[in-house]
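S.K.: I have a structure I would like to understand better, so I am pasting it below and will then ask my questions one at a time.
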Amino acid sequence: MDILDKALDAGYTVAWGGDVSGDFTRTGLAMLPEGIVPTQQMRQEQWDDWRFTYDHVMLIYGKAIDEQGKPYYMVKNSWGESGQYKGIWYMSRDYMKLNTTYLFLNRHALPAKK
């Protein structure tokens, strides 16, 4: 998550691969049900019982915060101008934590080695 945030803050876009078969709606929001805090154990359980699928790739190009202060990532989807935000999806930070398979980004967006 730190690498993603730093890349976006530096002006890079990031390709995201992950699961949109669960709590991802076609309205323009991807978020977990209230009260769910993603953990590595939850991620592993989703893989082990086949609930998690690597089924979509999208482009993350920015960050946003809603009226309650909850952080989201601004995501360009490949489904055209569908949904409430005309093809732009807002993916909550917790959704991203739980459902990411990989991030693909420019190597210059990575933090310098110390």
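S.K.: Please indicate, with yes or no, whether at least one residue in the range 32-52 is open to solvent by 30 Å² or more (accessible area, probe 1.4 Å), in contact (Cβ under 8 Å) with a residue 24 or more places away in the chain, closer than 14 Å to TYR90 by Cα and not in a helix (DSSP H, G or I).
M.R.: Looking only at the range 32-52, we keep the residues that are open to solvent by 30 Å² or more (accessible area, probe 1.4 Å), and these are 33-37, 39-45, 47-51.
In the following step, the residues that additionally are in contact (Cβ under 8 Å) with a residue 24 or more places away in the chain were identified as 36-37, 42-43, 51.
Still in the running and closer than 14 Å to TYR90 by Cα: none.
No, every residue in the range 32-52 fails to be open to solvent by 30 Å² or more (accessible area, probe 1.4 Å), in contact (Cβ under 8 Å) with a residue 24 or more places away in the chain, closer than 14 Å to TYR90 by Cα and not in a helix (DSSP H, G or I).
S.K.: Would you check which residues across the range 79-98 are exposed (fewer than 15 other Cβ atoms within 10 Å of the Cβ), closer than 21 Å to ASP55 by Cβ and touching a residue at least 40 places away in the same chain (Cβ under 8 Å) and list them?
M.R.: TRP79, SER82
S.K.: Can we say LYS76 is under 30 Å from ALA112 (Cβ atoms), open to solvent by 60 Å² or more (accessible area, probe 1.4 Å) and touching a residue at least 24 places away in the same chain (Cβ under 8 Å)? Walk me through how you get there before you give the answer.
M.R.: Working: under 30 Å from ALA112 (Cβ atoms): yes; open to solvent by 60 Å² or more (accessible area, probe 1.4 Å): yes; touching a residue at least 24 places away in the same chain (Cβ under 8 Å): no.
No; evaluated as a whole, the condition is false for this residue.
S.K.: Another question, then. Being more than 12 Å from the chain's Cα centre (by Cα), part of a loop (DSSP other than H, G, I, E, B) and among the β-branched types (Val, Ile, Thr) is the filter here, so list the residues in the range 1-31 that pass it.
M.R.: THR13, THR25, THR27
The values are calculated or read from the model by the stated rules, or taken from the named source; none is laboratory data. Keep in mind it's a predicted model, so treat the numbers as computed, not measured. All Cβ positions, glycine included, derive from the backbone under ideal geometry; neighbour counts span all protein chains shown. Each accessible area value is taken on the protein alone, full model and side chains, heavy atoms only, with ligands, DNA and RNA left out. Shrake-Rupley method; radii C 1.70, N 1.55, O 1.52, S 1.80 Å.
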